[in-house]
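Okay, structure first, notes after.
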Amino acid sequence: MNGMASNTSMDPKFVEFIYSAVVPSCFYAPFRQLEGDNTPLIIECISCLRAIQNVRGVDELAAFLQTRFFPERFPGYANVQMFVQNLSKNEVKALRAHYKSLEELYKKSTAK
């Protein structure tokens, strides 16, 4: 996958699907919840990202988030390194705070 080291032998098309569809969904789904508290959905999304991290490798997911996902989808988000570190440590409370900040950026970018 475009410069990403493969830690397991998976079909490259499936790996591309993970990074082009599943990972973005783990961020956008909580932002698009229409009603109520999105905390349970955020926790499910964190679990999904952790599963990807466990299968594909910490370094591969971190590299994708730092070099492609955040710069392309959330330019200007200053806490990318902290997000990746908190994901690796499974710091759910800190990750929820990141999601809230990202949600604000998302809402500003879609309000135009």
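Within region 79-112, the residues that satisfy the criterion of being touching a residue at least 40 places away in the same chain (Cβ under 8 Å) and surrounded by fewer than 14 Cβ atoms within 10 Å (Cβ to Cβ) are Asn90, Lys107.
Ala111: at pLDDT below 90 and among the aliphatic types (A, V, I, L, M), yes or no? For Ala111, the condition - at pLDDT below 90 and among the aliphatic types (A, V, I, L, M) - is met.
The residues of region 10-49 that are in contact with a helix residue (DSSP H, G or I) (Cβ under 7 Å, 6 or more places away or on another chain) and of a type in the set (Gly, Ala, Ser) amount to a single one, Ala29. State the number of residues belonging to region 57-106 that are closer than 22 Å to Glu16 by Cα and not in a helix (DSSP H, G or I). Summing the residues that are closer than 22 Å to Glu16 by Cα and not in a helix (DSSP H, G or I) in region 57-106 gives 3.
Looking across Phe64, Phe70, Phe27, Phe31, one residue alone is closer than 15 Å to His98 by Cα, in contact (Cβ under 8 Å) with a residue 24 or more places away in the chain and surrounded by 19 or more Cβ atoms within 10 Å (Cβ to Cβ). It is Phe27. For the criterion of being modelled with pLDDT under 95, more than 15 Å from the chain's Cα centre (by Cα), within 19 Å of Phe70 (Cβ to Cβ) and of a type in the set (A, V, I, L, M), Met1 passes.
Looking at Ala78, Ala62, just one residue is touching a helix residue (DSSP H, G or I) at 6+ places or on another chain (Cβ under 7 Å) and small (Gly, Ala, Ser), and that residue is Ala62. Here region 36-61 is the region considered, the condition is being more than 20 Å from Pro12 (Cβ to Cβ) and among the polar types (S, T, N, Q), and the residue that is surrounded by the most Cβ atoms within 10 Å (Cβ to Cβ) is Asn38.
The values are calculated or read from the model by the stated rules, or taken from the named source; none is laboratory data. Computed from a predicted structure; not experimentally measured. Note that we place each Cβ from the backbone using ideal geometry, even for glycine, and neighbour counts take in every protein chain shown.
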